[in-house]
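Since every read-out is calculated from the coordinates, none of them should be taken as a lab result. What you see is a predicted model; the values in this text were computed from it and never measured. Ideal geometry is used to build each Cβ from the backbone, glycine not excepted, and the neighbour counts take in all protein chains shown.
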């Protein structure tokens, strides 16, 4: 247990130092290929009806987490059997790869740099790498808002939730979470192709993030206090606007961030050329500006460190 906790701390530190090096193969790429292969295998073998697609989606949503647990758990057990050092190193590697704290901050800082330089086309291009919405017609404020939103929202599934699961079950359980999250990002859409086939994956992702996203909101409020932002307003806006999203989890940290900064996030957004009317989060006390991206990043880092310290402390006590 002590070695597992040390592996988590080492993985967290490696993420802060190195993020995700481009040369290093990432397990999420393997997960994506597995999801695509399973979808191609299942679809022709199922009735082309809503019920058939639902059944296929349930099979996919069951196979990916179970398969990930068997592969990652088996690999960790085998490495540990060969030598405890090998078991420790594979745990460190996968704990590192399960986290995305520095990568998220680094990509959002690129957006801030381009906005500060007055290069709106480059800023739109930079933000398109970290958001799912259409970015080609965003204003400078819209680009900054999109970057702040993704920093706040992805703190939960890029740091808080993976930490939560690795503290519960080490690297294998963190990888199971990543497989669920990856599956949702690939098939969890409400369009004609995935409305039924992706429903089970989307619901599973909602369930996996339910508790971590709420813990992440409180961590963000604490980080707002520690970084000199308005923690009282972060809590107030969280209480008021945490349900202002189609997902039960996404507005948890967004609302805390909006309140801490005193800005309004969310609202209508374009996806694949279609405008979706979405409720706003926070109060428009002032426009969102590029520096808000850096302020959100500071809260991101502090909230991540708080998550590690509190989680490691509880794990050590237990």
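Side notes on the structure shown:
- Here 237, 180 are placed in order of increasing Cβ neighbour count within 10 Å, fewest first, which gives 180, 237.
- Over the chain, equivalent-ellipsoid semi-axes from the Cα gyration tensor in Å: 31, 26, 18
- Within the chain, helix-based [θ] at 222 nm, where runs of 4 or more DSSP H residues each add -39,500 (n - 2.57), nearest 500: -24500 deg cm²/dmol
- Sorting 275, 58 by the number of Cβ atoms found within 10 Å of their own Cβ, with the fewest placed first, yields 275, 58.
- For the peptides 64-74, 163-173, residues were scored by their other Cβ atoms within 10 Å and the scores averaged per peptide; the highest-first order is 163-173, 64-74.
- Cα-only Debye scattering, segment 235-306: base-10 log of I(q)/I(0) at q = 0.13, 0.17, 0.26 Å⁻¹: -0.40, -0.66, -1.20
- Sorted from greatest to least, the principal axis extents spanned by the alpha carbons of segment 191-274 come out as 46, 29, 19 Å.
- Two-decimal Rg to Rh for segment 67-120 - Kirkwood Rh, Cα set: 1.36
- Tensor-based shape of segment 143-203 (alpha-carbon gyration tensor, a/c under 1.5 rounded, otherwise prolate or oblate): oblate
- For segment 118-149, the residues whose amide N sits under 16 Å from a probe point set 7 Å from the Cα of residue 272 along the beta carbon direction are 132-135.
- The order of the peptides 8-21, 94-107 by mean Cβ neighbours within 10 Å, most packed first, is 94-107, 8-21.
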